[in-house]
Amino acid sequence: MLTLLWTDIAIFGLVIGAVVAVWRSSKKEHLRRPWAKIFNNRMGVVSLTIVLFFLLVGVLDSVRLQHYEKLPDGDYSEHAKALSVLDIILTPIRLQVEKTYSEPFAHTAYAKEMNVDEAGVTQWLYPRLLYGGAHLNNPKSDKQADILLKIGKGLAHGLLAWLGFIFLLRLTKRNLFKTKLKGVNSGLLTLLVIFCVVGMIASLGSFYHILGTDKVGEDVLYQAIKSIRTGLVIGGLTTIVMLPIAIGLGLMAGFFRGWVDDVIQYLYTTLSSIPGVLLIAAAILMAQVYMANNPALFTTLEDRADMRLLLLCFILGITSWTGLCRLLRAETLKIREMDYVVAACALGVGRFQLLKRHVLPNVMHLVMITIVLDFSGLVLAEAVLSYINIGVDPSTYSWGNMINTSRLEMAREPIVWWSLTAAFVFMFTLVLAANLFADAVRDAFDPRYIE
Amino acid sequence: MAACTDRALNNPYVEGEGEEKVIYSSFSERPKHLDPAKAYSSNEYAIIAQIYEPLFQYHYLKRPYQLEPLLAAAMPTVSYFDKHNNPLPNTAPDVDIAYSEYLLSIKAGTKFQPHPSFNIKRHDDLPSDWDAVSIYDLPLGTRELIADDFIYQIKRLADPATQSPIAGLMANYIIGFNDFSKKQTALKRQFPTLRKAQRLQSEKMFGVKKIDDHHFSIRVKGKYPQFINWLAMPFFAPMPWEADEFYSNPLLASKNISLDWYPVGTGPYFLAENNPNRRMVLLKNQNFHDEYYPIEGDQAASAQGLLKDAGKKLPLTDKVIFSLEKESIPYWNKFLQGYYDASGISSDSFDQAVSFSADGDIGLTTNMIERGIGLQTAVTTSSYYFGFNMLNEVVGGYSDKAKKLRQAISIVMDYEEYISIFQNGRGVPAQGIIPPGIFGYIEGELGINPVVYTWDEGLVRRPIGQAKRLLAEAGYQKGIDPATGKPLVLYFDTMDSGPDSKSRLNWLRKQFNKINIQLVIRGTDYNRFQEKMRSGSAQMFMWGWNADYPDPENFLFLLYGKNAKSIYGGENAANYQNVQFDALFEQMSTMANTPERQLIISKMVAIAQQDAPWLWGFHPKAFSLHHGWYKNAYPNLMANNKTKYINIDPKLRQIYQNKWNKPTYWPLLLAMLIAACLLLPAYIIYRRIERATAL
Amino acid sequence: MINYIIRRLFYVVPVLLGVNILTFVLFFVVNTPDDMARMQLGDKHVTQEAVDNWKQQRGYHLPLLWNEQEEGLQKASNTIFFKKSVGLFVFDLGISDNGRDIVADITQRMWPSLAIAIPSLIFGVLANITFALLLIFYRSSVLEFAGLFLCITLMSISGLFYIIAGQYFIGKLLALTPISGYAPGIDAFKFILLPVFIGVVGGLGSGARWYRTLFLEEAAKDYVRTAKAKGLSDLQVLFRHVLKNTMIPILTGIVVILPLLFMGSLITESFFGIPGLGSYTIDAISSQDFAIVRSMVFLGSFLYIIGLLMTDISYTLVDPRVRLD
């Protein structure tokens, strides 16, 4: 049984749209060439593989099944709970909840506690964790060897799985290995790394908290993985909302000028001169009022959080198109005066044809770089919004929420560094991959870079 | 630049106040009001209680809390009257008493702080060469305090234009209060140009009478022994009419100089600088009346050496600087550098500051002890509770079923864990509504809440199994709601959305999950939350209460039926109504602290424990740290005017500050060196390219 | 040119009107006058009477947009919207809902904000351009990749982290600058060092990357190739042509934010205890002080439009091909 949230639908829409776009462009020769160029670029393929892997995790996290969960007393719940496939895969990490903070790979809690041992002696010491390293009898001496052994096992499994994958690939797609594209090997090597990392997480995950636990003892790795979906939704959905408005209006304003320009300028001046914070706060509060008035529509926490996330994306999209629009307008103004445009105009090329053929390709680099900057900017902006309580729902897993919480953890002594680090590493990987991929795409598509 | 040699580079203060007795404190947000008729929150009191003085104050060093005269010459005499205004003996039964009259006397010779408002001729024309920066540049004056100033302030409380938060409450007690405010509304409509001071003085309040310059009386309805506690709050501090008159000058108003901004009081300090975006500075009031450091205190106080300054004239310091510090992290770091004198301990810096000894005693970490830092702890007179809306269909009501559901939840909600995770153990799980330190609280086995705990050489929470049984008896077998066939869904309403809230809400969900109840969190904003509480549409909520005065009435009234929030607009947020409880409350509220009163209170607490309209939550413990040079700190949760007792050793502070803040330059040099090293290959490549292109 | 400017100035009025209406609607969709009153009056012991009294005194007892009980024009004018908006257009910002003069507050708080914002902008742009030029210069070398990697690393770090780490290392461990605080006049120097430094470092990642794109764009043009073919050195081309021609998008970015600088930065100011305007609007939103919210939004949009106008004018100055008509 499948259950869908609104953002799930949006994600699937996005993915299906992307697949259709790729399929259609593969039919057209002039669009296939740049793609071939991307596959010829090592960096491009590596980053694409990573982005796709993140996307896969996000999609897995959006497929929700009715799942019968084990109750604490051993019975199975009579009532099914909607869990994503990712949740089910990560079940051991998800359910191994400690009491409070613990360091990565720790077997004891992070702070000392009053403890009464079997002999009835009260002691002030670091208590053992419920799950982390609980299988060890003598953690101090055995832990290191155990961890290394498990890492080795994980690597071996990863390697085996990768070899299997290659074998399958050879069987089905023979011609792939015959091409001379430089990127194929890099892509496969990246896959090997991903397989190994997944293998290690799988073999270590149910015995240790690889990235430690947070204030209420939840596994930080689990949180960071779950945040991938939120990051993708915020970055992706917002861009999708903002892009058509920004490009359409920006080009029109710069190209047609006159009253069209006036109206569009009026629109974006008005919108962008209202502080984004006010718009976002108002939207979030309106959503809360709506939810308070229609409690029947939002019976579960997920529904409420999801609605808020969706609304946040829309409102961020509405507030962020103005910057790109202004930029495109200015650039179009410039391009309009160029000789080839004037010439095309004189030859009687239709206006929309002119926009599509001559203006749009020449501003694409601006669009591309804005998308990537915005994508990472949005993921970061979310942390700032959480700071003033108008970000995603506090119950939603997101890197912004993690960073925001870690603001207080940074002041602890000894410092609690793992939440921030985890959020940073994940975010960094995604942002870096997206950036490099965008560079590759730009190099491939920009007509002026063809040598 | 010469100053840099003896002062640390990172000193956040500009003036060199090395030798002066200055207290460095902070505030995290601008106090909304400094007008004693409006101020009602602790951050406002932190400032105005040092400036305004009421008639009475709580003794600094004695426990249980005890009132003593401050501006008053003596404690008041109370006389009772019946309906026909005939005097009654003090032993008269409560029902006969229609009015009580408080006869109050004032210390002679008390003067107001120097202030331009006492220069009458400055009320209309301000000197043309005045730059409107500080009102203390104007010619100052003073005047002796008289009974009219107290009466004037009570009139200000009643004036609808003031919008005092306690106006509604006082209208129920002080005779003539309501009539007076109605008359003022009428007057204001009739003569819109009439100035405030004249308007207020033109009418009399029936229940408040001036006898002579140093005596006046207040008449209240019925018997209301807690009234004297109100008289010890800044609401009833004297206010000279000249102040209102002075600040009505339109020039001052346009410069944002008002009574809400520059107070006029009789207290130990006056507000010399008020820039709430940066800092507020209190200076010693030269006109302060003779008040001396207490010469006696309870045992704990004298053991801590708090009587060293006994008999010295107050205040002991010359200046208090409150700096704006919005975030806790910079505050804590600056405290450790010695730039703030005292600090609370946030849950995040707890492990750094506090450690427990092997037998569980609280102490400071060695790092703190080496720095000469001292620790004060006290259980606060406040409650943080988890309430059920008794009007709700699922969790509310007084049927056996609903009661058992609430009791089951009471058991699963592990407040000991809550305190240990979110409060670092700084709290006491509450057994009933009354916190320790308030009359009516019972310690130990006799005081436990039998619904949730058993006693076995200490508190033992009842096992989850019992909660499950109660839940089954309430009709939710294994937590399944028979109406839907799915797990019971309960709703928690909150406006909590800070960075810590996520973990707190997760924790809450975990608690309900123990008995397979699904908790849905309905997060909302302040307005909507308040509105839900007012309309009674919330289901469960967390709330807190901080004592106004140390009397059990101030807590038990939170469950009094006639205070039900969504019915009568009172403070009973759970809308709890129990006839038996209400009857006992009415009986208890006017009693003195006698064993009979204790008996009634115990009965009331037991009724409420069985009905479980609240999970009683916990009473937080306040921990505070102070540096070695900051003397005479003593936790007193009722007194707000503690600053005057504090003493500072500026020399010691200087020594420590210099020791802790030696600048380290080498990383800076190292960074430059690394940068240079990085630039070198860049330069070499550049040369190579240059040469290549040259070829 | 003059015509254009005059036309644009007239154009300010409808924008401000739109902004004003939008702010009004957004604010009152979420808050009612009753909510505002309760917020100002506090939690304990508030009666409906006190709420009504508060509204009466502040003029929030009127209907929001349309007064049915009045006659003729009064139907529109005797409303909260009309009464609260008219003053704005002559820059009479009035009194905030907690009784303070808004203009006095703003003039007091804008200087500290500027003290942080102006040096951050100047040093930020300089650092960004330098870094971006270096990246271009070392195009397709290991250094460029390392630099880009650094850029993205800097971009992926949350602003909060820069502040906390900066305070910890420079203020606490090295004891070189005060952790937080502010003083007016020349004393401000030691307080603004750290926030400006953090502002520059925090903005370096995305800024340098953005400028790099612009430079690359320019460096790929034919005339650059021609110039190189003519024998100009890379450095000369970079500075003489590329930098100069990239000024248009750089100016678009900078000029438009100039007037808004005095609005300050929320997070920097709250962490460093700087008494600026950064938190003025946010605080007003959270304390539901409509008078301040509308004044700040109004002022902000006015300055923004001025910024846009300045951008357009600067286009013509830098690039004679652009005509304003």
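None of the figures in this text is laboratory data; all of them are computed from the coordinates on show. Keep in mind it's a predicted model, so treat the numbers as computed, not measured. Because the Cβ atoms are built from the backbone with ideal geometry, glycine has one as well, and the counts that use them run over all protein chains shown.
Data table
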| item | result |
| --- | --- |
| Magnitude of the charge dipole, the range B:143-219, Cβ model with Lys/Arg +1 and Asp/Glu -1, debye to 20 | 380 debye |
| Equivalent-ellipsoid semi-axes of the range B:292-360, from the Cα gyration tensor, Å, largest first | 29, 22, 8 |
| Length-normalised contact order of the range C:197-289 in % [C-alpha pairs under 8 Å, at least 6 apart] | 18 percent |
| Gyration tensor verdict on chain B (Cα atoms; rounded if a/c is under 1.5, prolate if a/b is larger than b/c, oblate otherwise) | oblate |
| Hull-based mean projected area of chain A, where the convex hull spans the alpha carbons, in square nanometres | 28.1 nm² |
| Pairs of alpha carbons in the protein assembly as shown whose separation is greater than 60 Å (percent) | 22 percent |
| Chain A, relative contact order in percent, only Cα pairs under 8 angstrom and at least six apart counted | 20 percent |
| Selection from B:S602, B:G396, B:F236, by position along the positive dipole direction of chain B (Cβ) | B:G396 |
| Lys/Arg +1, Asp/Glu -1 at C-beta; chain C dipole; positive extreme among C:L154, C:S286, C:P275 | C:L154 |
| Only Lys, Arg (+1) and Asp, Glu (-1) charged, at Cβ; the range B:116-175 dipole about Cα centre in debye | 300 debye |
| Kirkwood hydrodynamic radius of the range C:1-88, Cα pairs, Å | 15.2 Å |
| Helical segments meeting 27 Å axial Cα length and Kyte-Doolittle 0.5 threshold in chain C (DSSP H) | C:2-30, C:102-137, C:188-219, C:290-318 |
| For A:V22, net neighbour charge (Lys/Arg +1, Asp/Glu -1) across residues whose Cβ lies under 14 Å away | +4 |
| Top positive-direction residue, dipole computed over the protein assembly as shown with Cβ charges, set B:L673, B:G141, B:Q587 | B:L673 |
| Prolate/oblate/rounded label for the range B:55-195 (Cα gyration tensor, a/c 1.5) | oblate |
| Whether chain C is rounded, prolate or oblate, judged on the alpha carbon gyration tensor where a/c under 1.5 counts as rounded | oblate |
| Size of charge dipole - the range B:382-622 - debye, nearest 20, with Cβ of Lys, Arg +1 and Asp, Glu -1, no other charges | 920 debye |
| When each of B:K631/B:K662; A:K143/A:K226; B:K502/B:K644; B:K21/B:K334; B:K334/B:K502; B:K223/B:K644 is checked by Cα-Cα distance, pairs over 30 Å | B:K502/B:K644; B:K223/B:K644 |
| Rg(Cα) / (2.2 N^0.38 Å) computed for the range B:382-622, rounded to two decimals | 0.97 |
| Antiparallel bridge percentage (DSSP; both residues within the range B:382-622; nearest 5) | 65 percent |
| Among C:V293, C:V196, C:V13, residue whose mean-square fluctuation peaks in a GNM of chain C (springs only between Cα atoms under 10 Å) | C:V13 |
| Cα centroid of the range C:80-133 to Cα centroid of the range A:25-44, whole Å | 49 Å |
| Listed residues C:I186, C:I116, C:I95, most fluctuating in chain C (Gaussian network, C-alpha, under 10 Å) | C:I186 |
| Hydrodynamic radius (Kirkwood) for the range B:542-695, which is based on Cα pairs only, to one decimal in Å | 22.6 Å |
| Mean separation of Cα contacts under 8 Å (6+ apart) over length of the range A:227-445, as relative contact order % | 27 percent |
| Alpha carbon centroid spacing (whole Å) that separates the range C:1-52 from the range B:128-198 | 31 Å |
| Rounded D (µm²/s) - the range A:227-445, Kirkwood Rh over Cα pairs, Stokes-Einstein at 37 °C, 0.692 mPa s | 169 µm²/s |
| Convex hull volume of the range A:383-442 per residue (C-alpha atoms, cubic angstrom) | 96 Å³ |
